[in-house]
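Presented below is the structure to which this report refers.
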2 protein chains.
Amino acid sequence: MKVLMISANNFEDSELLVPYYRLKEENIEVDIASMKKGIISGKHKYEINANKELNEINPSDYKALILPGGKAPEKIRHEEKAQEIAKAFFKDNKLVAAICHGPQILITANLMKGKHATSYKSVADELKKAEAFYEDKEVVIDGNLITSRSPEDLPAFMREIMKHLKNN
Amino acid sequence: MKVLMISANNFEDSELLVPYYRLKEENIEVDIASMKKGIISGKHKYEINANKELNEINPSDYKALILPGGKAPEKIRHEEKAQEIAKAFFKDNKLVAAICHGPQILITANLMKGKHATSYKSVADELKKAEAFYEDKEVVIDGNLITSRSPEDLPAFMREIMKHLKNN
């Protein structure tokens, strides 16, 4: 089983590292894709290697997509390839989990209409404009989509992600 | 089930946050004890509430003790109450898991003699002087004691901690 994470510089460190280490605890292979390969650094100055370039990603290689927050999604959302990848996961009904500002990528990819979801509070208005049903909860599950608000929600976010990966 | 973590200012952020969130994912209650109650901040500027003071800890309330690294253990190791707590966990053969500089607390408490263990590389000489058998591995298990070297080892560290908690 392989899981894809998409991020870029100024990621929210714990929202990338906690899922990344959690999946590795389960011996799940994780690829981190960004605009280009190489080290990306977080708001809190943690560094991690983006081992894939967005353009080389084949969504069918992966079981799930995780989108951490921070300031990274604001850049990634304008990458057509990132939008295409997100659409492919939705089309195949594969798990897409986004936290904090992560849902911004899904908004720009026009995937949120009619979906129940949450996000960092400053993204709530955008979600509503995209005709999603915004809920102020630690985790919201709508079919293949799992969303959370902020680092404090990571336990609930990871609990639902792991449950989904084990049951699907 | 309750788990105790002991830390202080300048903790290694991921070594505190990853276990903390992981245990909460399992709905395990976690207390964070420090020299005094209140917010402590990490090397990477994450903040977390130390909800307990060392002096009010009764080790028998807890199933396991986790000692994150960073610069915090260098201060904590000189707290007699922290040494007493660590000794109580060893005496009752309860899980003690230490990562990075975390084992320094166990060295000062004279608990490492004859134990197989690892640590951050700069702590290796101290461990050897304390007559521990130092191993340069991502995780070393010796009875109730689980040790790891650094943040990159967190997946193996948490895998063994969770296994121990489930099987004991």
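The values are calculated or read from the model by the stated rules, or taken from the named source; none is laboratory data. Given the structure is predicted, the values throughout are model-derived calculations rather than measurements. Every residue, glycine as well, gets a Cβ built from its backbone with ideal geometry; the counts of neighbours run over all protein chains shown.
Things to note:
- Filter pass, B:E84 being among the acidic types (D, E), within 23 Å of B:A156 (Cβ to Cβ) and modelled with pLDDT of 95 or more: no
- Taking region A:145-158 as the range and being crowded, with 20+ Cβ neighbours inside 10 Å and either polar (S, T, N, Q) or modelled with pLDDT under 95 (or both) as the test, the residues that pass are A:T147, A:S148.
- Qualifying position, being loosely packed, with under 14 Cβ neighbours inside 10 Å, closer than 15 Å to B:L16 by Cβ and among the charged types (D, E, K, R), among B:E131, B:E56, B:E47: B:E47
- Of everything in region B:1-22 that is among the aliphatic types (A, V, I, L, M) and not in a strand (DSSP E or B), the residue that is surrounded by the fewest Cβ atoms within 10 Å (Cβ to Cβ) is B:M1.
- Verdict on A:I161 being farther than 21 Å from A:K36 by Cβ, modelled with pLDDT of 95 or more and buried (at least 23 other Cβ atoms within 10 Å of the Cβ): yes
- Being under 25 Å from A:N10 (Cβ atoms), of a type outside the set (G, A, S), out of contact with any strand residue (DSSP E or B) (no Cβ under 6 Å at 6 or more places or on another chain) and away from every other protein chain (no Cβ under 14 Å) is true of A:K121.
- Some residue of region A:145-163 being within 14 Å of chain B (Cβ to nearest Cβ), among the β-branched types (V, I, T) and in a strand (DSSP E or B): yes
- The set of residues in region A:1-28 that are within 14 Å of chain B (Cβ to nearest Cβ), within 16 Å of the chain's Cα centre (by Cα) and charged (D, E, K, R) comprises A:E12, A:D13, A:E15, A:R22.
- Selection status of B:A117, surrounded by 15 or more Cβ atoms within 10 Å (Cβ to Cβ), closer than 26 Å to B:E29 by Cβ, modelled with pLDDT of 95 or more and out of contact with any Gly (no Cβ under 7 Å at 6 or more places or on another chain): no
- For region A:88-113, filtering for residues that are among the β-branched types (V, I, T) and more than 10 Å from the chain's Cα centre (by Cα) leaves 2.
- Those residues of region B:23-41 which are surrounded by 24 or more Cβ atoms within 10 Å (Cβ to Cβ) and either assigned to a helix (DSSP H, G or I) or in contact with a Pro (Cβ under 7 Å, 6 or more places away or on another chain) (or both), in sequence order: none
- In region A:135-144, the residues that are within 12 Å of chain B (Cβ to nearest Cβ) and either buried (at least 19 other Cβ atoms within 10 Å of the Cβ) or aromatic (F, W, Y) (or both): A:V139
- Enumeration of residues in region B:42-67 that are hydroxyl-bearing (S, T, Y) and either in a helix (DSSP H, G or I) or touching a His at 6+ places or on another chain (Cβ under 6 Å) (or both): B:S60
- Scanning region B:68-84 for residues that are crowded, with 23+ Cβ neighbours inside 10 Å and either in contact with a His (Cβ under 8 Å, 6 or more places away or on another chain) or assigned to a helix (DSSP H, G or I) (or both) returns B:G69, B:G70, B:A72, B:P73, B:I76, B:A82.
- Residue match in region A:39-60 (condition: modelled with pLDDT of 95 or more, under 13 Å from the mean Cα position of the chain (by Cα) and within 14 Å of chain B (Cβ to nearest Cβ)): no
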